[in-house]
């Protein structure tokens with residue numbers, strides 16, 4: 001092979017430069033988020049993975065772990081519009097999407113847009129609203145638009161829904177239907193921080209003037225909404241070997257015949273695995289996707305798309321444990 005063939009073309013050099021810059025931006029936003037949300041490094045990485053992959057996140061955790069703080073901090077870091085909806089049993093679909101209001105002066109109906117028209121939507125305690133209201137989010141999450149009075153209104157990009165739910169308190173809650181769960185790219189579990197991290201958090205919060213919460217105002221705005229779209233575009237172009245692509249599809253397909261799972265993941269899981277793996281590769285500053293990028297996001301992609309057999313549930317096994325066995329036994333390609 002000649003020297004000329006070994007040298008990268010101008011286009012390749014430009015793409016590599018763009019990837020490097022994108023990786024630096026992604027790491028800068030991660031650094032800022034870690035200043036506000038202490039002891040949740042893996043959760044921060046998962047949320048950033050979904051943002052770069054253009055997906056939505058279901059955050060599950062007991063109260064007081066910083067779920068709302070994480071979303072507010074993320075909105076602050078990319079200077080995006082932020083809206084919060086507190087889901088309650090009496091919340092109506094129009095409270096989410098908006099509605100038509102009669103204007104007496106013009107004698108015409110005017111559309112009043114709801115909080116869903118934003119960049120970052122925090123759907124707090126989403127399982128406290130009935131299915132009718134939860135379904136109001138489906139069109140927005142999938143098609144990035146809302147139909148009001150027969151008109152399809154586009155939602156500004158980037159658009160991301162971060163929904164929270166409490167895993168313990170089941171009284172007065174409505175389980176999310178499978179169709180809606182499948183719209184969430186990742187289901188992220190937020191756990192208690194370890195002792196040192198909790199000590200650090202208490203030290204920081206007790207110095208804050210804002211009672212029991214950290215202030216997101218000191219966080220730097222690292223990038224604009226258009227930069228997030230650029231990150232998404234660069235991530236989607238990251239090279240991926242066919243063997244790695246095949247590995248992602250094999251993982252999703254194996255859940256459909258795995259003993260102990262009565263419901264397997266659909267094709268949307270395969271797509272989510274690939275998109276998340278590209279985002280993770282960008283986040284770690286890689287030039288291409290490796291099998292570990294797939295494996296690193298597999299639990300968050302699959303755990304809400306499969307159903308555990310009742311006998312395993314009785315034995316005390318969790319979905320994560322069964323999926324962990326699956327991940328250990330499905331061979332990953334060696335590149």
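The values are calculated or read from the model by the stated rules, or taken from the named source; none is laboratory data. Quick caveat: nothing in here was measured; it's all calculated off a predicted structure. Here the Cβ is made from the backbone with ideal geometry for all residues, glycine too, and neighbour counts use every protein chain on show.
The figures follow:
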| quantity | calculated |
| --- | --- |
| Condition check for residue 133: part of a helix (DSSP H, G or I) and assigned by TED's automatic domain parsing to the domain that holds residue 229 | yes |
| Residue identified as buried (at least 21 other Cβ atoms within 10 Å of the Cβ) and in contact with a strand residue (DSSP E or B) (Cβ under 7 Å, 6 or more places away or on another chain) among 265, 272, 300 | 300 |
| Residue identified as within 24 Å of residue 137 (Cα to Cα), part of a loop (DSSP other than H, G, I, E, B) and free of Cβ contacts under 8 Å to residues at least 60 places away in the same chain among 91, 111 | 91 |
| Residues that are part of a helix (DSSP H, G or I) and either free of Cβ contacts under 8 Å to residues at least 12 places away in the same chain or crowded, with 18+ Cβ neighbours inside 10 Å (or both), drawn from region 228-253 | 228, 231, 232, 233, 234, 235, 242, 244, 247, 248, 251, 252 |
| Qualifying residue in region 154-177 (condition: surrounded by fewer than 21 Cβ atoms within 10 Å (Cβ to Cβ), in the same structural domain as residue 51 (by TED's automatic domain parsing) and in a helix (DSSP H, G or I)) | no |
| Residue in region 6-27 that is crowded, with 22+ Cβ neighbours inside 10 Å, within 25 Å of residue 183 (Cα to Cα) and modelled with pLDDT of 90 or more present | no |
| Condition check for residue 268: at pLDDT 95 or above and not assigned by TED's automatic domain parsing to the domain that holds residue 231 | no |
| Single residue of 80, 64, 39 found to be in the same structural domain as residue 113 (by TED's automatic domain parsing), within 27 Å of residue 268 (Cβ to Cβ) and either in contact with a helix residue (DSSP H, G or I) (Cβ under 9 Å, 6 or more places away or on another chain) or not in a helix (DSSP H, G or I) (or both) | 80 |
